[in-house]
Amino acid sequence: MKKIAGIAAGVALAALAFALGQVGGKLTTEPDPSFAEDAVSNHRHPEVDTDVGLFINHWRNSLPVEGHGGFIERDILTPGDPLRPPKRGAVLKYIKAYKRAALEPRCTTQSFKSDKEQVFLCVFSGAGRVEAGGQSAAIEPGMAVVLPAGLAYRFFNPNEDNLELIMVVEEIPAGFAPNARMSVGDYRKTLPSVGMHWAHIGRGFAWDTPPKFANPMGFAAVSIDKFDIAQPHVHGPGCEEIWCQLQGTSLLLFGNRLFRQEPGEAFLIPPNRKVPHSSINPGDGPMLWLYMGNRHDQAR
């Protein structure tokens, strides 16, 4: 009995010492992050876990600047290092800018043209009109336009509310031949693709003129039905995938953290195969995201 009691006391003291060590010192010396499938421990490990807070940002965190003929622009994501961002949102490797652009009520932009960049713009809220190369198109939520390099364009907002758009800016390399016409697209005119990553309902844009990008990228509107969750999964090198909330406030499982993602907020998945992401619709209302997949990992 005394021997058994001594063993029990020893085990208790060892457990106490372990617990005190966990509180007072480094949690682990494991080389893998806590969200690795085969991690030995289920603790969070700040010394090796990806700081996912650097990969998500809202346009409200940026100062406004004027650009592209008179839009009021605020950065969401900016060029940086997608593996070790120098600051929050500085994660872009292949595209020049990812931002929110707004045109105030009863305002127009000046005619603008760039020979070195082209832009994708998705209507976030409001309505208006765009003119480019002799074409004119009314735009509203659900629609997007691509303005090729070398084409002059102008936006009009005759209404009493802001015209807000998500803007993606792409620099073109030497030798790239851009389209001669703007592209106008509407995701509401496409059939949905269902079942991707469990719960994604995706719709690409139906374009009058298929856009031509220098990067291997595409865009889609993605929704998740009420009280459902998408499959957590990771991405690796060469994948520049961005999700921007357009409608509703979702829950985002990102690495080993949980965020509330609001409209106008976007995140890039770290291309290190270590950070799972999963969007969750926790309520009964609609949820909508703008998806951008810049898939250099799949380019041939």
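The values are calculated or read from the model by the stated rules, or taken from the named source; none is laboratory data. Since this is a predicted model, take the numbers as computed values, not measurements. For neighbour counting, all protein chains shown are included, and Cβ atoms are generated from backbone atoms with ideal geometry for every residue, glycine included. Protein only, heavy atoms only, side chains kept; ligands, DNA and RNA dropped before computing areas. Shrake-Rupley method; radii C 1.70, N 1.55, O 1.52, S 1.80 Å.
For the reader, a short list of remarks on this structure follows.
- Scanning the stretch 270-288 for residues that are within 16 Å of PHE227 (Cα to Cα) and outside any loop (DSSP other than H, G, I, E, B) yields SER278, SER279, ILE280, ASN281, LEU288.
- The condition of being surrounded by fewer than 20 Cβ atoms within 10 Å (Cβ to Cβ), under 23 Å from GLN245 (Cα atoms) and not small (Gly, Ala, Ser) holds for ASP161.
- Filtered residues of the stretch 249-294 (kept if of a type in the set (Gly, Ala, Ser) and on the phi < 0 side of the Ramachandran plot): SER250, ALA266, SER278, SER279, GLY283, GLY285, GLY293
- Only one of the numbered conditions (1) surrounded by fewer than 20 Cβ atoms within 10 Å (Cβ to Cβ); (2) touching a Phe, Trp or Tyr at 6+ places or on another chain (Cβ under 8 Å); (3) free of Cβ contacts under 8 Å to residues at least 40 places away in the same chain is violated by GLY128, and that is (1).
- Meets criteria (at pLDDT 95 or above and surrounded by fewer than 22 Cβ atoms within 10 Å (Cβ to Cβ)) for LEU268: no
- Test for GLY285: is it among the small types (Gly, Ala, Ser) and under 21 Å from SER34 (Cα atoms): no
- Test: residue in the stretch 264-272 that is β-branched (Val, Ile, Thr), touching a residue at least 12 places away in the same chain (Cβ under 8 Å) and more than 22 Å from ARG44 (Cβ to Cβ): no
- Qualifying residue in the stretch 108-125 (condition: open to solvent by 10 Å² or more (accessible area, probe 1.4 Å), farther than 26 Å from PHE55 by Cα and part of a strand (DSSP E or B)): yes
- Qualifying position, being under 23 Å from ALA220 (Cα atoms), in a strand (DSSP E or B), among the small types (Gly, Ala, Ser) and open to solvent by 20 Å² or more (accessible area, probe 1.4 Å), among ALA101, ALA138, ALA144: ALA138
- For GLY142, the requirement of being in contact with a strand residue (DSSP E or B) (Cβ under 8 Å, 6 or more places away or on another chain) and farther than 23 Å from ILE56 by Cα is met.
- Of the residues PRO237, PRO216, PRO211, PRO192, the single one that is touching a residue at least 40 places away in the same chain (Cβ under 8 Å), open to solvent by less than 70 Å² (accessible area, probe 1.4 Å) and farther than 24 Å from GLY67 by Cβ is PRO216.
Residues are listed down the side, and each one gets a yes or a no for (1) farther than 29 Å from LYS116 by Cβ; (2) modelled with pLDDT under 95; (3) open to solvent by less than 40 Å² (accessible area, probe 1.4 Å):
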{"site": "GLU171", "(1), (2), (3)": "no, no, no"}
{"site": "ALA177", "(1), (2), (3)": "no, no, no"}
{"site": "ARG181", "(1), (2), (3)": "no, no, no"}
{"site": "ILE224", "(1), (2), (3)": "yes, no, yes"}
{"site": "GLN231", "(1), (2), (3)": "yes, no, no"}
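- Residue list for the stretch 255-265, restricted to those being in contact with a Leu (Cβ under 8 Å, 6 or more places away or on another chain), closer than 12 Å to HIS58 by Cα and either open to solvent by less than 10 Å² (accessible area, probe 1.4 Å) or in a strand (DSSP E or B) (or both): ARG260, GLN261
- Filter result for the condition that a residue is within 29 Å of ALA177 (Cβ to Cβ) and open to solvent by less than 20 Å² (accessible area, probe 1.4 Å), over LEU252, LEU290: LEU290
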